[in-house]
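Below is one structure, written out as C-alpha cells, with a few remarks after it.
Read the figures in this text as sums done on the coordinates, not as results from a lab. Please read all numbers here as calculations on a predicted model, not as lab measurements. No Cβ is skipped: glycine too gets one built from the backbone with ideal geometry, and neighbour counts run over all protein chains shown.
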Amino acid sequence: MNETVKTDSKPLEWTELLSLLLQVGERLNSTLDLDELMTRIAETVKTIIDYEIFAILLLNHKTQELRVRFSVGHPEDAVRNLRIKVTEGIVGRAVQERRAVLVNDVTKDPAYIQSIPAVRSELAVPLISKNRVIGVMDLEAPWPDFFTEQHQNLLDLLGGRIAVAIENAGLYRRTLRQARALQLLNELSRELSSVLVLNDLLRKVATLTKRLINYDRFTILLADETSRTFNTVISVKQDQSTPEKVTVRYGQGIVGAAAFSRQPITVPDVSQDARAVFVGPETGSELAVPLIYRDRVIGVADMVTRQKGYFIEEHARLFSTLAPQIAIAIENARLYERAVRSEARMERDLERAQEIQMLLMPAPEPSIPGLEVGVRFRPARELGGDLYDFIALGKEQYVLAIGDVSGKGAPAALYGALAIGTLRSLAPQRLAPSSMMKKLNTLLLERKIEGHFITLTYCVWDPRTRILRMANAGMPLPVLVRGGRVQAVRAEGVPLGLLDHAEHEETSLKVNKGDLLAMFSDGMVEATDPRWEEFGNRRLENLLRQNAQRSVSEIVKRLFNEVSSFEQGRPPRDDQTLLVVKGR
C-alpha cells in the first residue's frame with residue numbers, strides 16, 4: 001500500500017474509508033499463500049496503526065486454544081509453544097465476546113497474560129468469517145492509552161476481510177496439502193508393494209512416513225498372539241536414549257489402547273495421559289495407529305515428537321489411509337519370508353534326500369563273476385524316479401534290475417524306494433523273472449497308490465551257464481552288441497502297478513565274452529536339443545557299436561557326455577539311467 005492513512009488526527013471520511021477497504025481487500029485477496037498473507041496483513045495494519053508489537057493467533061476449535069501463527073516484536077521463544085485458552089487473557093475475551101477488546105492499561109486488567117514486560121496497552125480484534133471466529137488480531141504498545149476507539153473501529157471493519165482472506169488461504173493450503181498427501185499416498189502404496197523383505201519394508205515405511213508426517217521417533221510393533229504382546233520390530237529415532245526394543249502387553253499403554261479400540265489415538269501431551277507407559281523428556285505428543293489385516297490387528301504404528309500438541313486429526317486421517325496398505329505389505333513380506341525359509345528348508349531336505357538316495361543305491365561297478373558291469377544315474381531333479389539294483393543270491397545267481405517310476409521328483413523317488421524294497425524282500429525266493437514281475441505287480445497293486453506305476457527290466461545271471469534270463473515290464477528294449485552288430489532284445493510286458501493279472505514275457509540270452517548289453521531308461525533316448533529333436537535309439541545304438549571295445553565305465557561316460565552335448569546345456573526332461581553289461 002503506497003499511502004499512509006492518518007487515523008489519529010481526525011476521523012476518516014466515508015470516501016477515505018471506502019478507498020481504504022478497497023485497497024485492503026485488493027491487497028489481501030491477491031495472494032493465497034498463507035505466510036505471504038500474514039506478512040501483508042501486518043504491513044497493512046502498520047499503515048493504519050504504527051504499532052510495535054503485533055500478532056495473529058488462530059483458533060483450534062477442538063481444543064479451544066489460540067496459537068500464535070504470525071508475530072512482530074514478540075520473542076520467538078515466548079510464542080513458539082504458547083497456547084491460550086479462550087477463557088484466558090484479553091485475546092480469549094475477544095473470542096468469547098466476539099468483539100474487539102481495548103485495554104488502555106493492562107496492569108489494571110487481571111485477565112492480562114504477560115509475554116513482554118514493557119507492554120502497557122493492548123487491542124485484541126476477533127477475526128470472524130461466516131459467523132465463526134477463526135482467530136484474533138492482537139496489537140500491544142509500551143504506552144498506556146496508545147490505541148483509540150477509531151483504531152478499534154477500523155480494525156473491526158478490516159477484521160472480516162482479514163478473516164475471509166485467512167480462511168481462503170488456509171483452504172488453499174489444505175487443498176494443496178491434501179493433493180500432495182494423496183499423491184504421496186499413491187506413491188507410497190506403489191513403493192510398499194515392491195518390497196518383500198520384512199526389515200527392508202519396515203525401514204521403507206519409516207522413511208516414506210517421514211515425508212508424510214514429521215516425527216522424532218517412529219516405531220512399528222507387531223502382535224504376538226501367543227504371548228499376547230506387541231513387540232518392537234523397528235524403531236527409527238533421533239534420540240538414542242529411547243529403548244531399541246519394547247514389549248507392550250495387549251491393552252497396555254497408548255499402543256495397546258489403539259489396538260483395542262481399532263482406531264487411531266492422538267495424544268497432545270503424553271506426560272498428562274494416564275495410559276502412557278514410556279514417558280521421557282523427548283516425549284511430547286504421540287500418534288498410535290492400528291495396523292489391521294483381514295479384521296485382525298497385526299500391529300501398531302507409533303509416532304512420537306517432542307512438540308506437544310503436534311499431531312492432529314489430519315495426521316491420524318492421513319496415516320489411517322496408508323495403514324491398510326502397510327498391513328497388507330507386512331503380511332505379504334511375512335508370507336514371502338516364510339516361503340523363502342520353507343524353500344530353503346525344502347532344498348536342504350532335498351539335498352539330504354538326494355545324498356541318501358545315492359547312498360541307498362548299490363555301487364555303480366559291482367563285482368559279478370563273468371560280467372563287467374557299469375551304471376550311471378542322472379536325476380532330472382534333486383530326487384529321481386529311476387532305479388537300479390544288484391543282488392547276489394549266493395554264488396549261483398545274481399540279480400540285475402533297472403527301472404523307471406512314472407513322474408519325477410520326491411513322489412517318484414519314494415515309489416521307487418517302495419518298489420526296490422519289495423523287490424529285495426522277494427529276491428531270496430529265487431523267483432524266475434516272469435514270476436518276480438507277477439508277484440511284484442500284485443504287491444504294488446495292493447498298495448493302491450493311484451497315478452504311479454513302474455517300468456522294470458529284471459535279469460537273473462547264472463555265471464556257470466553264462467545264461468541271462470530277462471523279463472521286461474515296459475522299459476525300452478535292451479540293446480545287444482555282438483560281433484559289431486546291434487540288435488534289440490525282444491522282451492516285452494505291461495508296466496507294474498497298473499493292471500491285475502498282467503503277463504510278462506521271459507527271454508534267455510547267453511552272454512559271451514565281448515558281448516555288450518545295454519539297458520536304459522527312456523530319459524536317455526528322449527533327451528532333446530534346443531530344436532526339440534530327440535536323441536533317439538539310433539544315436540544310442542551307433543555309440544554302443546562304436547565304443548563296444550572299450551571298458552563299460554568308458555562306454556557309460558561317453559554316452560552321457562554325448563547326451564549332455566546334444567542337450568546343449570538344457571536341463572534333462574526326465575531321469576536318465578544307463579546300465580551296461582559286458583561279457584568277460
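Some observations on this one:
- FRET efficiency, THR465 to PHE566 (Cβ-Cβ, R0 45 Å, nearest 0.05): 0.70
- Kirkwood hydrodynamic radius of the chain, from inverse mean 1/r over distinct Cα pairs, in Å: 32.3 Å
- Amide H contacts under 5 Å for ALA473: LEU456, THR457, TYR458, restricted to partners 5 or more places along the chain or on a different chain, H placed in the peptide plane at 1.01 Å from N.
- Cα centroid separation, region 42-97 to region 245-276 (Å): 33 Å
- Estimated purely from DSSP H runs of n ≥ 4, each contributing -39500 (n - 2.57), the mean residue ellipticity at 222 nm for the chain is -13000 deg cm²/dmol once divided by its residues.
- Of the residues GLY569, ASN153, TYR310, the one whose Cα sits farthest towards the positive end of the charge dipole of the chain is GLY569 (charges of +1 on Lys and Arg Cβ, -1 on Asp and Glu Cβ, taken about the Cα centre).
- Global geometry of region 59-140, whether rounded, prolate or oblate, following the gyration tensor of its Cα atoms and the 1.5 cut on a/c: oblate
- Mean separation of Cα contacts under 8 Å (6+ apart) over length of region 193-337, as relative contact order %: 26 percent
- Nearest-0.05 FRET efficiency for ASP273 and ASN29, computed from C-beta distance (R0 35 Å): 0.25
- Compactness relative to 2.2 N^0.38 Å, alpha carbon Rg of region 361-583: 0.96
- Considering all different alpha carbon pairs of region 193-337, the Kirkwood hydrodynamic radius works out to 15.0 Å.
- Most positive-pole-ward Cα, LEU426, VAL511, THR455, against dipole of the chain from beta carbon charges: VAL511
- Multiplying the residue separation of LEU171 and ILE113 by 0.36 nm and subtracting their alpha-carbon distance yields 17.8 nm.
- Taking the chain and dividing mean pair separation by its residue count, relative contact order in percent (alpha carbons under 8 Å, at least six apart): 8 percent
- Rounded to the nearest 20 debye, the dipole size of region 405-513 about its Cα centre is 620 debye, using +1 on the Cβ of Lys and Arg and -1 on the Cβ of Asp and Glu.
- In order along region 376-383, the phi-based Karplus estimate (6.51 cos²θ - 1.76 cosθ + 1.60, θ = phi - 60°) of 3J(HN,Hα) comes to 8, 10, 10, x, 6, 10, 4, 10 Hz; Gly and Pro are listed as x.
- Per-residue HN-Hα couplings for region 150-163 [Karplus 6.51, -1.76, 1.60; θ = phi - 60°; Hz; x = Gly/Pro]: 5, 4, 4, 5, 5, 5, 4, 5, 6, x, x, 5, 5, 4
- Length released on extending from GLU526 to GLU52, taking residue separation times 0.36 nm less the Cα-Cα span: 160.9 nm
- Unit Cα scatterers, Debye sum, region 412-502: log10 I(q)/I(0) for q = 0.13, 0.25 Å⁻¹: -0.47, -1.34
- Legend: distances between Cα atoms for LYS204/LYS245; LYS439/LYS513; LYS62/LYS130; LYS438/LYS513; LYS438/LYS557; pairs beyond 23 Å are LYS439/LYS513; LYS438/LYS513; LYS438/LYS557.
- Lys/Arg +1, Asp/Glu -1 at C-beta; the chain dipole; positive extreme among TYR215, PRO110, LEU544: LEU544
- The charge dipole of the chain, taken about its Cα centre with unit charges on the Cβ of Lys, Arg, Asp and Glu (plus for the first two, minus for the last two), comes to roughly 2560 debye.
- Per-residue 3J(HN,Hα) values for region 116-129, derived from phi via the Karplus relation 6.51 cos²θ - 1.76 cosθ + 1.60 with θ = phi - 60°, read 10, x, 7, 5, 10, 10, 8, 10, 10, 10, x, 9, 10, 10 Hz in sequence order (x marks Gly and Pro).
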